[in-house]
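Student: After the structure tokens below, expect a handful of questions from me.
The values are calculated or read from the model by the stated rules, or taken from the named source; none is laboratory data. Just so we're clear, the structure is a prediction, and the values are computed from it rather than from any experiment. As a convention, Cβ positions derive from the backbone with ideal geometry for all residues, glycine included, and neighbour counts pool all protein chains shown. SASA here: full protein model, heavy atoms, side chains in, ligands and nucleic acids out. Shrake-Rupley method; radii C 1.70, N 1.55, O 1.52, S 1.80 Å.
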Amino acid sequence: MSKRMSWIDVNLPEVARPYAHLARLDKPIGSWLLSWPAFWSVAIVAESQSFPEIMKLLVIFGLWAILIRGAGCTINDFFDRDFDKKVERTKTRPLASGALSPAQGLWWLGVQLVLGLGVLLQVNTLTFILGFIHVPLVFAYPLMKRLTYWPQAFLGVMISWGAFMGSTAVTGSIQHSVVHPLYISSFFWTLVYDTIYAHQDKEDDAKAGVKSTALRFGDLTKQWVSAFAIATIIALALSGYNANISWPYYIFLAIGAGQLTWQIWTVNLSSPADCGRKFVSNQWFGAIIFAGVILGKLFA
């Protein structure tokens, strides 16, 4: 099967293409999923900040997410380069295919980390420290699938980190009653979408001894992710209640619950293509909740 062309192959110089592919710049869903907890947090704790100040923080966290997600993909592909050669979906990745050497991959990893942490220098010290603490979690995540059937839980710990950083960027502290439920909601949301995502590769993973919640849950996957989805919505409701957000938020929360229900009820876990589509649709769940926060604050 030939590799599908993307805007990277059409618009970037040949020397830059493997680096852009390694960072998955043509697949922004990962950056959205890392961004949304930070975006939610910025929006939900903001009070007296001006619109330009809020927009500046959203841009900073958007750039941070793109760069740190790219670093996460790079370290993941570095660890998995031998395994990826044996999997149809991943064998054309730059480190697996030989388009980049391992040394070039590590160099690119360093560039992305420096830039990703660098953008956080535009905010306060506590947010930068939290961003620095986050880096070892990014490095450790690819190793979890070798150690436990719950790597998706570790991903939830790592990818939800922006919930803390958004709060500290706006207020200089973690607003515990609002941010902790927000973090927990993102954690359970991650278990929903990444378990669905993991079903794409479950046969290859089983052969290679790679672990995942998809393999752990098996035929009970929909029951498990339904419970995680319920926990997601409850935690989001608690965060909104503690933040005194008004009624539009809860309307959008109901819409978000419907989006998760649609994913879980309709996904064909035996179809990698459908699992991929449902996974990507989570960018819209994040947008729904963000819109609800904004409108709930405006009508407060």
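Student: Within segment 241-300, how many residues are assigned to a loop (DSSP other than H, G, I, E, B), over 24 Å from I159 (Cβ atoms) and not hydroxyl-bearing (S, T, Y)?
Tutor: 5
Student: Would you pick out the residues in segment 13-60 that are of a type in the set (A, V, I, L, M, F, W, C) and in a loop (DSSP other than H, G, I, E, B)?
Tutor: Those that are of a type in the set (A, V, I, L, M, F, W, C) and in a loop (DSSP other than H, G, I, E, B): V15, A16, A23, L25, A46.
Student: With L95, L63 as the choices, which residue is in a helix (DSSP H, G or I), of a type in the set (A, V, I, L, M) and open to solvent by 20 Å² or more (accessible area, probe 1.4 Å)?
Tutor: Just a single option satisfies the conditions, and that option is L63.
Student: Sticking with this one: How many residues does segment 142-201 contain that are open to solvent by 30 Å² or more (accessible area, probe 1.4 Å) and either in contact (Cβ under 8 Å) with a residue 40 or more places away in the chain or assigned to a helix (DSSP H, G or I) (or both)?
Tutor: Qualifying residue count for the region: 24.
Student: Consider V10 carefully, then state whether it is over 22 Å from V119 (Cα atoms) and either in a helix (DSSP H, G or I) or open to solvent by less than 40 Å² (accessible area, probe 1.4 Å) (or both).
Tutor: So V10 passes the test.
Student: Next question, about the same structure. So, in segment 98-118, of the ones that are of a type outside the set (A, V, I, L, M, F, W, C) and more than 23 Å from the chain's Cα centre (by Cα), which residue ends up most open to solvent (accessible area, probe 1.4 Å)?
Tutor: Within segment 98-118, the match that is most open to solvent (accessible area, probe 1.4 Å) is Q104.
Student: Could you look through segment 217-233, keep only residues that are at pLDDT 95 or above and of a type outside the set (A, V, I, L, M), and pick out the one that is most open to solvent (accessible area, probe 1.4 Å)? Give the steps one after another, and end with the answer.
Tutor: Keep residues of segment 217-233 that are at pLDDT 95 or above, which gives 217, 220-233.
Remaining after also requiring of a type outside the set (A, V, I, L, M): 217, 221-224, 226, 228, 232.
Working: F217: 11, T221: 1, K222: 65, Q223: 111, W224: 87, S226: 40, F228: 19, T232: 0 Å².
Among those residues, the one meeting the criterion is Q223.
Student: If you check S31 against the conditions, is it under 23 Å from P181 (Cα atoms), of a type in the set (G, A, S), open to solvent by less than 20 Å² (accessible area, probe 1.4 Å) and out of contact with any strand residue (DSSP E or B) (no Cβ under 9 Å at 6 or more places or on another chain)?
Tutor: The answer is yes for S31.
Student: Under the condition of being open to solvent by less than 40 Å² (accessible area, probe 1.4 Å) and at pLDDT 95 or above, which residue from segment 121-134 is farthest from W161 (Cα to Cα)? Lay out the reasoning, then the answer.
Tutor: Quick first cut of segment 121-134, residues open to solvent by less than 40 Å² (accessible area, probe 1.4 Å) only: 123, 127, 130-131, 134.
Still in the running and at pLDDT 95 or above: 127, 130-131, 134.
Values: T127: 11, L130: 8, G131: 8, H134: 7 Å.
By that ranking, first place goes to T127.
Student: Let me ask you something else. In this structure, does Q49 turn out to be surrounded by fewer than 17 Cβ atoms within 10 Å (Cβ to Cβ), under 30 Å from P248 (Cβ atoms) and in contact (Cβ under 8 Å) with a residue 24 or more places away in the chain? Talk me through it step by step, then tell me what you get.
Tutor: Numbers: surrounded by fewer than 17 Cβ atoms within 10 Å (Cβ to Cβ): yes; under 30 Å from P248 (Cβ atoms): yes; in contact (Cβ under 8 Å) with a residue 24 or more places away in the chain: yes.
Yes, satisfied.
Student: Out of segment 201-225, which residues are closer than 16 Å to I264 by Cβ and within 19 Å of the chain's Cα centre (by Cα)?
Tutor: Listed by number, the residues that qualify are T213, A214, V225.
Student: What are the residue pairs meeting all of these: first residue in segment 236-253, first residue of a type in the set (S, T, N, Q), second residue in a helix (DSSP H, G or I), Cβ atoms under 6 Å, and 6 or more apart or on different chains?
Tutor: Hits for this filter: S239/V178; S239/P181; S239/L182; N242/S177; N242/V178; S246/G296.
Student: Here is a check on your reading of the model: is A103 of a type in the set (A, V, I, L, M) and part of a helix (DSSP H, G or I)?
Tutor: For A103, the condition - of a type in the set (A, V, I, L, M) and part of a helix (DSSP H, G or I) - is met.
Student: Of these, T266, T261, which one is within 20 Å of the chain's Cα centre (by Cα) and among the β-branched types (V, I, T)?
Tutor: T261
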